[in-house]
Amino acid sequence: MRINVGVLFADVRGFTSLAEQRDPDETLALLNRFYEASIDVLCRHAIIDKLVGDQVMALYLPQLLGPDAAHHMVADARDLLAAAPAELDVGVGLDHGIAFVGNVGSGVVKDFTAIGDVVNTAARLQAAADSGEILLSRRVHELAEEDLSMAESRVLTLKGKSEPEHVVALSTNR
């Protein structure tokens, strides 16, 4: 079904290099600590859609989890950066808009997820975010209605997007 949805992507920066330098058991323990922090923070207001490699994707569904999705997205992104293991550098991307939300796949292999430009934009924003940074689309910024006076406005060219994206960058002091 097509619905309004907020999408959060968070990704560990430099994870391939980190994994190359550590024992696999140590790497797994560190990644599980990141996932634990993600679950603790994000499940307050969102559904975790995926844990993939060193990345988490969360869906904010106002119809299911209540209003104020954009506000919760920004607060949860800040809380996630604060809760992530100190040894990890994390970047976050946020977008809000219309997507197909439901089951995709075929036969016995199906997955509940969101599909649409909003998902792709959130993923591209996350990829563009520096360590300790949250990149919000203009849509999230307008919906969040928060004092973001300390934020930096940017215009980014995102991979695969036909138009530049106006974003707001929030940095954390970790």
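Each value in this text was obtained by applying a stated rule to the coordinates, not by laboratory testing. What you are looking at is a predicted structure, and each value in this text was computed from that prediction instead of being measured. Virtual Cβ from ideal backbone geometry, glycine too; neighbours counted across all protein chains shown.
Among VAL109, VAL74, rank each residue by its count of other Cβ atoms within 10 Å, from fewest to most, as a rough exposure measure. Please report the intermediate quantities before stating the final value.
Details: VAL109 7, VAL74 26.
Starting with the residue having the fewest Cβ neighbours, the order is VAL109, VAL74.
Let me understand the range 1-43 better: what is its radius of gyration from the alpha carbons, and its Dmax, in angstrom?
14.3, 44
Would you list, by chain and number, the aspartates and glutamates whose Cα falls below 19 Å from the Cα of LYS110, excluding same-chain residues fewer than 8 positions away?
In chain and number order, the partners are ASP49.
Fewest to most neighbouring Cβ within 10 Å: what's the order for ASP54, ASP40?
On the way: ASP54 21, ASP40 12.
Ordered by Cβ neighbours within 10 Å, fewest first: ASP40, ASP54.
Enumerate the calculated ³J(HN,Hα) couplings along the range 108-113 in order (Karplus 6.51 cos²θ - 1.76 cosθ + 1.60, θ = phi - 60°), each rounded to whole Hz, writing x wherever the residue is Gly or Pro.
With the stated coefficients, the range 108-113 comes to 8, 9, 9, 9, 7, 6 Hz.
Fewest to most neighbouring Cβ within 10 Å: what's the order for LEU51, LEU64, LEU125?
Values: LEU51 15, LEU64 12, LEU125 28.
Result, fewest neighbours first: LEU64, LEU51, LEU125.
Given labels modelled 7 Å from the Cα in the Cβ direction, how far is it in nm from VAL108 to ALA82?
4.6
Need the full-extension length gain, ASP68 to MET1, defined as separation in residues times 0.36 nm minus the C-alpha distance. One decimal, nm.
Numbers: separation 67, 0.36 × 67 = 24.12 nm, distance 2.07 nm.
Gain on stretching ASP68 to MET1: 22.0 nm.
So what is the 222 nm mean residue ellipticity for the chain from helices alone, if each DSSP H run of at least 4 adds -39500 (n - 2.57) and you divide by all residues, rounding to the nearest 500 deg cm²/dmol?
On the way: 6 runs with 64 residues, N = 174.
Taking each H run of at least 4 residues, the total per residue is -11000 deg cm²/dmol.
Using every alpha carbon pair in the range 2-171, what percent of pairs falls into each 5 Å bin from 0 up to the bin containing the largest distance?
Going out from 0 Å in 5 Å bins, the range 2-171 shows 1, 9, 18, 22, 20, 15, 9, 4, 1, 0 percent.
Please find, in a Gaussian network model of the chain (springs between Cα atoms separated by less than 10 Å), the residue of ALA123, ALA86, ALA75 whose mean-square fluctuation is greatest.
So, out of ALA123, ALA86, ALA75, the one fluctuating most is ALA86.
How big is the dipole moment of the chain about its Cα centre under a simple scheme where the beta carbon of each Lys and Arg is +1, that of each Asp and Glu is -1, and everything else is neutral? Debye, nearest 20, please.
Values: 15 positive and 26 negative charges, 106 e Å.
Result for the chain is approximately 500 debye, rounded to the nearest 20.
When the Cα centres of the range 1-53 and the range 109-159 are compared, how far apart do they sit, in Å?
Going from one Cα centre to the other spans 16 Å.
Work out from phi, with θ = phi - 60° and the Karplus expression 6.51 cos²θ - 1.76 cosθ + 1.60, the ³J(HN,Hα) of each residue of the range 29-40, listed in order in whole Hz, and give x for Gly and Pro.
Karplus-based 3J(HN,Hα) across the range 29-40 equals 4, 5, 5, 5, 5, 4, 4, 4, 4, 4, 5, 4 Hz.
Using a simple spin-label model with points 7 Å from Cα along the Cα→Cβ vector, what separation in nm is obtained for THR172 and GLU145?
Inter-label distance under the simple model: 2.6 nm.
Please compute the length gained on full extension between ALA75 and ARG154, using 0.36 nm multiplied by the number of residues separating them and subtracting their Cα-Cα distance.
Values: separation 79, 0.36 × 79 = 28.44 nm, distance 2.03 nm.
Full extension from ALA75 to ARG154 adds 26.4 nm.
Take every DSSP beta bridge whose two residues both sit in the chain, then give the antiparallel share in percent to the nearest 5. If you can, show how the numbers build up before the last one.
Details: 40 of 43 bridges.
Taking every DSSP beta bridge with both residues in the chain, the antiparallel ones total about 95 percent.
Report the full-extension gain for the segment LYS161 to LEU28: residue separation times 0.36 nm, less the Cα-Cα distance, to one decimal in nm. Could the numbers behind the result be given before it?
Values: separation 133, 0.36 × 133 = 47.88 nm, distance 3.40 nm.
Extra length from LYS161 to LEU28 when fully extended: 44.5 nm.
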